[in-house]
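What follows is one structure encoded as structure tokens, with my remarks underneath.
Read-outs throughout are calculated quantities, based only on the coordinates presented, and are distinct from any laboratory measurement. Please read all numbers here as calculations on a predicted model, not as lab measurements. Note that we place each Cβ from the backbone using ideal geometry, even for glycine, and neighbour counts take in every protein chain shown.
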Amino acid sequence: MTAGTISAAAAGSWKLGDPEVNRLGFGAMRLTGNGMAGNGAGAPIDRDVAVTVLRRAVELGVNHIDTAAFYFSPLRSANELINRALAPYPDDLVIVTKVGPGRGPSGEWLPAATPGELRGQVEENLRQLGRDHLDVVNLRRMGEESIAEHFGALAELRDAGLIRHLGISNVRPEHLAEAMAIAPVVCVQNRYGLDHQRADDNGLLDRCGEQGIAFVPFFAISGERREAPAATGGVYDDELLAVARAHGATPAQIRLAWTLHRAPHVLAIPGTGNPAHLTENVAAAALRLSPTDLARL
């Protein structure tokens, strides 16, 4: 496949609320450099390179970008980069943000936001992105047993016109039922991938499909596992590499293709600050794994 034919549209599309988005999207967290301790984000990324990556993503058909106001480092803010790179925004671009975690101006982690503090977090995202409403806001659960009060506060902001659609993140199946009793849910965002499958997440993914809700895995690939298989080696790694070689692809591309093959309502949001990796990620949208490939993986 040549660079000129690479397109996020090759993976097909799914509704994210009212709009339909290409199933291969982009996660903005890595653009902030090393401000999110423990996430593998790496060293600070040159601002102009980050802007170039965002613009190139849209050129390649990406119309779903995942971000958050708490994605920042001393040098970079994901929302600021998105605003600089893409405003005025394309009509078909859906920007999904999330609220819940708290961070101070110096980057220190604070207790999770109370329901009453969520409006301030929503307004912060609005200011940084330069929007008068947010397309989708995910409530990122921070360990609470119940999300009803927090989700109810976001539902009020949706009714007030600050938010168009609502989603939830880092949740269990019971939280989806809890949220849907309050307001419609358009997406569920949980950690999920070829290397990370829990019974709860498989069940939740299937339940989302039954109800037409997008399931959006994060960390389907991670920086330290981009090219190499697991450091421990073994049969699984051999099979992953064999499938990759058969397709002339990288292990990261096979992980993304596997994620997209899981079900038509599954979206992928790989993030990178590397233009070459961006092209590689989007090219994975066109990979088609056979039943034999999937069985081997």
With the chain treated as a Gaussian network of Cα nodes joined by springs under 10 Å, which of Ala177, Ala113, Ala78 yields the largest mean-square fluctuation? Ala177
Per the rule of 0.36 nm per residue minus the C-alpha distance, extending Leu75 to Glu239 adds in nm 55.0 nm
What does a probe at Lys15 reach in the stretch 185-209, counting residues whose amide N is under 14 Å from the point 7 Å along Cα→Cβ? 185-187, 209
Neighbour-limited loop hits for trypsin sites (Lys or Arg not before Pro), the stretch 244-297 (at most 13 other Cβ within 10 Å; DSSP other than H, G, I, E, B): Arg288
At R0 = 30 Å, FRET efficiency that the Cβ-Cβ distance of Trp109 and Glu210 yields, to 0.05: 0.25
Counting Lys +1, Arg +1, Asp -1, Glu -1, what net charge surrounds Gly116 among other residues with beta carbon under 14 Å of its beta carbon? -3
Quick one: net charge around Arg207, please, counting Lys, Arg +1 and Asp, Glu -1 for every other residue with C-beta under 12 Å from its C-beta. -4
Neighbours of Thr52 by Cβ distance under 13 Å: Lys/Arg at +1, Asp/Glu at -1, summed charge +1
Cβ-Cβ FRET estimate between Arg296 and Glu123, R0 fixed at 30 Å, reported to 0.05: 0.05
(1) 126; (2) 115; (3) 143: which one is volume of the Cα convex hull per residue in Å³ as calculated from this entry? (1)
Spin-label pair Ser146/Thr5, simplified geometry with 7 Å Cα→Cβ offset, distance in nm: 5.6 nm
Rank Thr272, Thr32, Thr114 by mean-square fluctuation in a GNM of the chain with C-alpha springs under 10 angstrom and give only the top-ranked residue. Thr114
Under the 0.36 nm per residue contour assumption, what length would be gained going from the current alpha-carbon distance of Thr279 and Ala177 to full extension? 33.0 nm
Ranked on Cβ counts within 10 Å of their own Cβ, fewest leading, Val137, Val51 go Val51, Val137
Could you let me know the centre-to-centre spacing of the stretch 84-148 and the stretch 149-172, using Cα atoms, in angstrom? 11 Å
Among DSSP bridges having both ends in the chain, what percentage is antiparallel? Round to the nearest 5. 20 percent
